[in-house]
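The values are calculated or read from the model by the stated rules, or taken from the named source; none is laboratory data. As the structure is a prediction and not an experimental result, all values here were calculated from the model. Virtual Cβ from ideal backbone geometry, glycine too; neighbours counted across all protein chains shown.
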Amino acid sequence: MYEGKALLGDDFDERNVRIVVTDGTITSIEEISRVPDRWIFPGFFNAHTHLGDTVAMDIDAAGAIGDLVAPPDGLKHRILRAASPRFCVEAMSASIQTMARTGSFGFADFREGGINGVRYLQEANADCSLDAAIFGRDGGETVSAGLGISSTRHYGEELTRIIEGARAEGKQIAFHAGEKDSTDVETALSFDPDMLVHCTHVSAAHIRSIADAGIPVVICPRSNWRLGVTSSSQNPPVHAMIEAGVELWLGTDNVMFVQPDMAAEMAFCHYVYGIDAKKILTMATGGAQIVGRNYAITEDTDARFIQYNTARSNAKYSKNMLNTIINRLNPMDLEGSLLN
Ligand SMILES: [Zn+2]
């Protein structure tokens with residue numbers, strides 16, 4: 001039984017409630033008059049990660065930072081190849097624990113390293129068991145939920161065959177697209193993907209096509225700024241995408257440069273892009289659809305909510321719970337996830 005001020009449903013309606021969870025399912029939500037200093041709100045879904053990058057975290061490296069992550073021979077890929085399987089699994093497991101402790105209940109990862117790469121990530125997630133959508137490549141897609149294409153510009157004619165093979169096996173298809181420029185967006189769209197990542201540089205026509213096709217877009221604001229693919233709040237064109245009806249999700253991208261902490265991502269996104277608080281929380285939770293879930297707090301759904309102790313910080317003086325959650329969340333005040 002959990003009592004507190006909660007954000008209920010898809011609209012995050014603020015209510016004082018008692019929530020009963022039975023065997024992991026929310027069986028009842030009842031309004032009550034008095035609640036303890038506790039907020040209850042939906043857990044986050046980190047819609048784009050590269051957890052394998054943990055092995056190269058915060059490395060000092062000369063040269064253009066974007067070159068470090070370019071397949072097949074960027075520094076990141078060389079470090080990944082040189083790392084032992086045990087070391088990789090432990091490193092990814094540590095990042096998964098970091099995500100769990102900072103309020104994420106699930107993630108979608110682009111996993112390198114073929115079939116073994118996917119298996120290592122599945123092993124790394126065994127303890128926390130976060131909801132995971134793994135997008136493998138180089139054969140990894142055969143043992144995971146989806147195929148993750150780094151960028152269509154890294155492939156030749158074989159791309160059609162690879163994608164058709166994955167589709168025939170019922171896999172989801174996701175692309176990095178429009179990260180540095182928009183030259184790989186058209187080709188990605190031609191494959192009718194299930195998800196696009198970045199769209200930092202997309203035209204008005206691209207935005208219209210993405211909206212019409214109902215393709216969700218994962219934006220990774222801190223990664224974009226860190227990698228220097230944007231230096232303006234005009235890119236990615238988030239407001240144009242929102243106005244066109246594109247569904248936006250948030251992701252933290254490469255663990256190498258960016259901590260997989262969705263609270264930090266939400267705050268940065270709010271500062272730089274000025275998206276309203278409700279929309280940002282929707283973006284930070286909505287990616288759960290990729291694993292067939294909705295993290296909104298409603299009866300008869302699996303419990304995926306966060307408890308936040310407002311007595312431990314200045315949060316109890318907040319005049320607007322939603323604004324405080326997206327701007328000031330301190331993971332140290334999370335009262336533990338329901339997963340553990
Ligand atoms: Zn990425």
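See the values below:
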quantity	calculated
Answer from T49, T54 - the residue that is within 16 Å of the ligand (Cβ to nearest atom), in a strand (DSSP E or B), of a type in the set (S, T, Y) and touching a residue at least 24 places away in the same chain (Cβ under 8 Å)	T49
Meets criteria (within 12 Å of the chain's Cα centre (by Cα) and surrounded by fewer than 24 Cβ atoms within 10 Å (Cβ to Cβ)) for Q234	no
Flag if S231 is away from the ligand (no atom under 16 Å from the Cβ) and modelled with pLDDT under 95	yes
Residue, nearest to Y155 (Cα to Cα), within region 171-195, restricted to residues that are more than 11 Å from the ligand (Cβ to nearest atom), aliphatic (A, V, I, L, M) and crowded, with 24+ Cβ neighbours inside 10 Å	A188
Residue ID - nearest to L329 (Cα to Cα), chosen from residues in region 289-301 that are crowded, with 24+ Cβ neighbours inside 10 Å and not hydroxyl-bearing (S, T, Y)	I297
Odd one out for A284, checked against (1) in contact (Cβ under 8 Å) with a residue 24 or more places away in the chain; (2) more than 28 Å from F110 (Cβ to Cβ)	(2)
Residue list for region 186-209, filter: among the aliphatic types (A, V, I, L, M) and under 19 Å from G228 (Cα atoms)	V197, V202
Tally of residues being within 16 Å of the ligand (Cβ to nearest atom), more than 30 Å from D60 (Cβ to Cβ) and out of contact with any helix residue (DSSP H, G or I) (no Cβ under 6 Å at 6 or more places or on another chain) across region 234-254	0
Yes/no for V197 being at pLDDT 95 or above and under 15 Å from P71 (Cβ atoms)	yes
Some residue of region 255-278 being buried (at least 22 other Cβ atoms within 10 Å of the Cβ), within 13 Å of the ligand (Cβ to nearest atom), charged (D, E, K, R) and in contact (Cβ under 8 Å) with a residue 40 or more places away in the chain	no
Any helices (runs of 4 or more DSSP H) falling wholly within region 195-284 and containing at least 2 residues that are closer than 24 Å to E112 by Cα	221-226, 262-273
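Yes/no matrix, rows are residues, columns are (1) within 14 Å of the ligand (Cβ to nearest atom); (2) among the polar types (S, T, N, Q); (3) touching an Asp or Glu at 6+ places or on another chain (Cβ under 8 Å):
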residue	(1), (2), (3)
R119	no, no, no
D131	no, no, no
T142	no, yes, yes
S151	yes, yes, yes
I163	no, no, no
